[in-house]
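Structure first, then comments.
The values are calculated or read from the model by the stated rules, or taken from the named source; none is laboratory data. None of these values were measured; they are calculated from a predicted model. Counting neighbours? That spans all protein chains shown, and the Cβs are built from the backbone with ideal geometry, glycine included.
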Amino acid sequence: MGKNEGVSISVIKRLPRYYRFLGELKENGVIRISSKDLSEKMGFTASQIRQDLNCFGGFGQQGYGYNIASLYEEIGKILGVNNNRKAILIGAGNLGKAIALHMSFEARGFNLIGIFDKNEALSGQMLRGIPIRNIDGLYNFCRDNSPTVAVLCIPSPAAQALAPQLVELGIKGFWNFSHYDIAADYPGIAVENVHLSDSLMTLSYHVSNI
């Protein structure tokens, strides 16, 4: 059982926002902040912030507030941003290329070591300084390099077909841009689903109800 087992998913999903916001304050030279001031800037209640952070032990001091550099570092440890987990990306189409080029994997705890695609015309092309490999070489690459995370930028049928092999090869977490429900078939695997169309439709709803 993990040391933070039992922490609600809603709290976990707020941690990256805390981390990002505290990082901005740190870059701007702010030394400390109260939960009240933090709540006003972030749109959470002070009580919510204290409850969230107390899930991991609490980091504030009565009458002082939070030391920003210290809290930023502690939340980074909780999120595992320094873990340098080996990751592979599957699908070097437009979405995969954009993610490879513009996502700062290293700052978020990952080391992107391999990129794969079934399109033979892409084999050997460089992306982010990494050669695109044909998907046929996936087994040998994973056996030799032991990645633990896979970024899936491929259609659902392809993701469903590859998932058993990836899990067998030691993949423990998926950043999943397909619509295949990996978690339903592999409940012991960590999955973060990203449905861009859902997000766009949510925006449509909000705009329609202004």
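Values computed for the structure shown
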quantity	calculated
Residue match in segment 66-87 (condition: within 30 Å of residue 162 (Cβ to Cβ) and small (Gly, Ala, Ser))	yes
Options 162, 169: the member that is in contact with a helix residue (DSSP H, G or I) (Cβ under 6 Å, 6 or more places away or on another chain) and of a type in the set (A, V, I, L, M, F, W, C)	169
Selected residue (criterion: farthest from residue 192 (Cα to Cα)) from residues of segment 131-157 that are among the polar types (S, T, N, Q) and either part of a strand (DSSP E or B) or touching a Phe, Trp or Tyr at 6+ places or on another chain (Cβ under 8 Å) (or both)	134
Sole exception among (1) assigned to a helix (DSSP H, G or I); (2) of a type outside the set (Ser, Thr, Tyr); (3) over 26 Å from residue 194 (Cα atoms) for residue 95, by number	(3)
Selection count, segment 97-129, where residues are more than 15 Å from the chain's Cα centre (by Cα) and of a type outside the set (Lys, Arg)	17
Criterion violated by residue 76 - all others in (1) of a type outside the set (S, T, N, Q); (2) surrounded by fewer than 19 Cβ atoms within 10 Å (Cβ to Cβ); (3) at positive phi satisfied	(3)
Extreme residue, surrounded by the fewest Cβ atoms within 10 Å (Cβ to Cβ), among residues of segment 158-183 that are part of a helix (DSSP H, G or I) and among the small types (Gly, Ala, Ser)	161
Meets criteria (crowded, with 16+ Cβ neighbours inside 10 Å and either in contact with a Leu (Cβ under 7 Å, 6 or more places away or on another chain) or outside the structural domain of residue 143 (by TED's automatic domain parsing) (or both)) for residue 57	no
Filter result for residue 87 (of a type in the set (Gly, Ala, Ser) and outside any strand (DSSP E or B))	no
Enumeration of residues in segment 136-157 that are within 23 Å of residue 102 (Cβ to Cβ) and crowded, with 19+ Cβ neighbours inside 10 Å	147, 149, 150, 151, 152, 153, 154
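Every residue, every condition in (1) surrounded by 15 or more Cβ atoms within 10 Å (Cβ to Cβ); (2) on the phi > 0 side of the Ramachandran plot; (3) of a type in the set (Asp, Glu); (4) assigned by TED's automatic domain parsing to the domain that holds residue 154, yes or no:
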position	(1), (2), (3), (4)
36	no, no, no, no
43	no, yes, no, no
66	yes, no, no, no
121	no, no, no, yes
